[in-house]
1. Kindly list, by first and then second residue, each pair from a residue in the stretch 170-197 that is of a type in the set (D, E, K, R) to a residue that is within 13 Å of the ligand (Cβ to nearest atom) and modelled with pLDDT of 95 or more, limited to pairs with Cβ atoms under 7 Å and residues at least 6 apart or on different chains.
2. Does Asp190 satisfy being farther than 23 Å from Lys248 by Cα, of a type in the set (D, E, K, R) and either part of a loop (DSSP other than H, G, I, E, B) or within 16 Å of the ligand (Cβ to nearest atom) (or both)?
3. Which of the residues belonging to the stretch 16-26 are in contact with a Lys or Arg (Cβ under 9 Å, 6 or more places away or on another chain) and surrounded by fewer than 22 Cβ atoms within 10 Å (Cβ to Cβ)?
4. Would you pick out the residues in the stretch 233-257 that are part of a helix (DSSP H, G or I), touching a Phe, Trp or Tyr at 6+ places or on another chain (Cβ under 6 Å) and either hydroxyl-bearing (Ser, Thr, Tyr) or within 14 Å of the ligand (Cβ to nearest atom) (or both)?
5. Being more than 17 Å from the chain's Cα centre (by Cα), under 26 Å from Ser266 (Cα atoms) and among the polar types (S, T, N, Q) is true for just one of Thr49, Thr35, Thr41. Which residue is that?
6. Checking Lys67 against (1) within 23 Å of Ala174 (Cα to Cα); (2) surrounded by fewer than 22 Cβ atoms within 10 Å (Cβ to Cβ); (3) of a type in the set (D, E, K, R); (4) without any contact (Cβ under 8 Å) to a residue 60 or more places away in the chain, which test does it fail?
7. How about the stretch 1-32: which of its residues are modelled with pLDDT under 95 and not small (Gly, Ala, Ser)?
8. Can you spot a residue in the stretch 3-15 that is more than 30 Å from Ala212 (Cα to Cα) and open to solvent by less than 80 Å² (accessible area, probe 1.4 Å)?
Amino acid sequence: MSRKPIIAGNWKMNLVKSEAKDLYEGIKNFVKDYTAVELPTVVIAPVFTSLSVVESIPCSCGCGGNKISIAAQNCHWESSGAYTGEISVEMAKDAGCDYIIIGHSERRQYFSETDEMINKKAKAILAGGLIPIICCGESLEQREAGETDSWIAGQIRAALSGISSEDVAKSVIAYEPIWAIGTGKSCDADEANRVIKMIRSVVSEIAGSSAADSIRILYGGSVKPSTIEEQMSKSDIDGALIGGASLKADSFNDIIAKTMKVAVASV
Ligand code: PGA
């Protein structure tokens with residue numbers, strides 16, 4: 001089963017509108033030379049206030065894909081109402097988003113997001129016709145205590161609870177060990193692949209083998225141009241969720257180029 005790779009840039013709380021526009025233009029300028037068939041699924045996730053200066057770019061080759069797709073970094077599960085500071089799935093869609101990142105460890109840690117909230121968000125996103133990018137990952141303490149697999153399996157079971165196999169198949173998961181995020185210390189590629197295979201087997205238990213074959217599972221945590229080729233050469237790593245290295249067009253474009261190179265080499 002060949003899964004189309006995803007290269008997703010999580011801009012976190014960075015870049016005012018003019019800076020976001022410059023970065024977007026730098027990526028746009030790179031992807032213009034390729035079709036969406038050649039490119040990985042390229043996703044960028046700016047802050048909400050910069051969604052107005054980016055837009056998805058449909059491919060003109062007739063493939064029906066996008067050269068760039070837009071993600072929100074968070075959403076609420078209710079459609080509207082008294083939730084100060086939140087945005088709904090419909091609002092994200094209205095602002096041009098096709099994807100929404102949920103359950104990032106920074107949101108779990110600093111904003112007390114629980115597995116239950118992440119499950120409600122995943123359901124709302126899928127019901128609204130968008131795709132959730134569901135993040136999971138262990139802390140250094142959990143890894144050292146040998147709890148990595150059981151912890152992550154629990155996060156995945158909770159996040160996907162009550163979601164149909166069809167919806168699971170189109171979702172995206174990002175495995176992001178917390179100790180690797182923003183530290184410059186990427187997880188060993190074989191180990192990341194092992195954990196991602198384990199996640200795929202949990203998805204298979206929950207939603208069946210066809211959904212497990214289809215779902216795209218990314219690695220995140222200090223991904224850089226110098227790490228992506230090895231990561232993308234692994235059997236179960238379907239792409240990357242990138243923070244720091246997605247904030248400069250040069251490094252993000254280099255990651256996209258290297259992902260295409262690995263894809264071509266593996267045909
Ligand atoms: P990083 O962030 O690439 O800066 O480690 C990844 C993420 O948090 O999604």
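1. Here the result reads Glu176/Ser105; Glu176/Cys135; Glu176/Gly137; Glu176/Gly220; Glu176/Gly221; Glu176/Leu241; Lys185/Ser222, each pair linking the stretch 170-197 to a residue that is within 13 Å of the ligand (Cβ to nearest atom) and modelled with pLDDT of 95 or more.
2. no
3. Listed by number, the list holds a single entry, Gly26.
4. Correct list: Ser246 only.
5. Thr35
6. Every listed condition holds for Lys67 apart from (2).
7. The answer is Met1, and nothing else.
8. yes
The values are calculated or read from the model by the stated rules, or taken from the named source; none is laboratory data. Predicted model, so just to flag it, every value in this text is computed and none were measured. Here Cβ is always computed from backbone atoms with ideal geometry, including for glycine, and neighbour counts include all displayed protein chains. Just the protein is used for accessible areas: all its heavy atoms, side chains included, with ligands, DNA and RNA removed. Shrake-Rupley method; radii C 1.70, N 1.55, O 1.52, S 1.80 Å.
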